[in-house]
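Okay, so here's the structure we're looking at.
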């Protein structure tokens, strides 16, 4: 578990350093996740890695973090509650933005699905 957590935190640290040095408009956690994803793709091919990095230990660590993810959202919720006065003053704008962006996201997702589904034929039992 310690080795898995160290790998996850190392990817996060490298992502933070990369985002800081390059000034790209990409959040550092996204860079860290991309690095972790690349590590997952390549770790079985890298025979020079110690066994503990090629084992399922990192997978178990990530599963544990996902199970405890609700705890990671508590600070954001507390921050919103602390700034409730600002939110109340702008409630109409916030609600409008939430509704518009939700509708936009659903629409873009539907069009993307329709566009991409043309490349993959349906299985025979689902064709009409």
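Couple of notes before you dig in:
- Gaussian network model of the chain, Cα within-10 Å springs - most flexible of 99, 35, 65: 99
- Kirkwood Rh (inverse of mean 1/r, distinct Cα pairs), the chain, angstrom: 19.0 Å
- Across 18, 40, 111, mean-square fluctuation computed from a Gaussian network of the chain (C-alpha pairs under 10 Å connected) peaks at 111.
- In plain terms, the chain from residue 115 to residue 97 could stretch by 3.8 nm, reckoned as 0.36 nm per residue minus the Cα-Cα distance.
- Descending principal axes extents, segment 1-72, alpha-carbon based, whole Å: 35, 33, 17
- Extents of segment 73-128, largest first, come to 56, 25, 16 Å (Cα atoms, principal axes, whole angstrom).
- Where labels lie 7 Å past Cα in the beta-carbon direction, separation of residue 108 and residue 2 in nm: 4.3 nm
Every number in this text was worked out from the coordinates using simple rules, so none of it is lab data. Computed from a prediction, not measured in an experiment: that's the story for all the values here. Positions of Cβ are generated from backbone atoms using ideal geometry, with glycine treated the same way; all protein chains shown enter the neighbour counts.
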